[in-house]
Amino acid sequence: MIVTLSYIDIYKLIVKMSLAIILSMFVFSLSMSISPGPVNITILSTSLNHGFIKTFPFISGATIGFVLLLISVGFGFSKIINTYPIIFSLLEFLGAFFIIYIGYKILSSKPEIEVNHNSSIPNFIDGFLLQWLNPKAWIACASGTALFSAQNTNTPLIVFICIYFLICYLSLAIWGALGEKLSIALSNSKRILLFNRLMGFSLIFISIYMIFNIFTVK
């Protein structure tokens, strides 16, 4: 249903809604997308090491992955999660280990100035999977659909998904641009390698914290 919407259809949907609701959707989307998390940290480090262009597939994968997750949660998958909460716990566990994998990729990443062609760059699939295994993404989807769903119509949810797609893409691209700018400040390979260590260990710390929460938070 969403795929067949034209720009005119989306415009008509937006016109029917109040400005306050639209503004709330923008603020929510921006705050969740721009705030630091595993995806943002990965984009920052990858762009610093390999440039914005080579990071763009990961940005695209993360954005498309999140929006498809948002659609799934908004149109019924959340009911399955609520019925079988063990599924969400399993996703959290898998997500923690996937974030460790991404963190290792960053730890072992070499600056582009060293021309290391064997250096692994997170790709479209990595970005897509990271969102589906990222608890922050699930929380954002669940919170957003709860806030902007209506009982008798899908109009607010459809508009919210469209807004989030644009804001998410823009926010992640900003992190990518910031990483490329940082490469100028961190002008030598030793500084960049130190930054890689910091970002990689940050992701691993996040994943350990996630695993700790799985076993301690009831």
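The values are calculated or read from the model by the stated rules, or taken from the named source; none is laboratory data. All of these numbers come straight from a predicted model, not from anything done at the bench. Ideal geometry is used to build each Cβ from the backbone, glycine not excepted, and the neighbour counts take in all protein chains shown.
Descriptive notes on the structure:
- Residues in the stretch 90-139 that are touching a His at 6+ places or on another chain (Cβ under 9 Å), modelled with pLDDT under 75 and assigned to a loop (DSSP other than H, G, I, E, B): 109, 111, 119.
- Which listed residue is assigned to a helix (DSSP H, G or I), at pLDDT below 90 and within 16 Å of the chain's Cα centre (by Cα), from 73, 67: 73
- Filter result for residue 184 (surrounded by fewer than 19 Cβ atoms within 10 Å (Cβ to Cβ), modelled with pLDDT of 80 or more and in a helix (DSSP H, G or I)): no
- All conditions but one from (1) under 30 Å from residue 194 (Cβ atoms); (2) out of contact with any Pro (no Cβ under 6 Å at 6 or more places or on another chain); (3) at pLDDT below 75 apply to residue 57; the one that does not is (3).
- Residue check for residue 46: surrounded by 22 or more Cβ atoms within 10 Å (Cβ to Cβ), assigned to a helix (DSSP H, G or I), among the polar types (S, T, N, Q) and at pLDDT 90 or above: no
- In the stretch 3-30, residue modelled with the lowest pLDDT [restricted to those that are among the small types (Gly, Ala, Ser) and within 19 Å of residue 71 (Cα to Cα)]: 6
- Within the stretch 118-167, considering residues that are under 18 Å from residue 30 (Cβ atoms) and aromatic (Phe, Trp, Tyr), the one surrounded by the fewest Cβ atoms within 10 Å (Cβ to Cβ): 165
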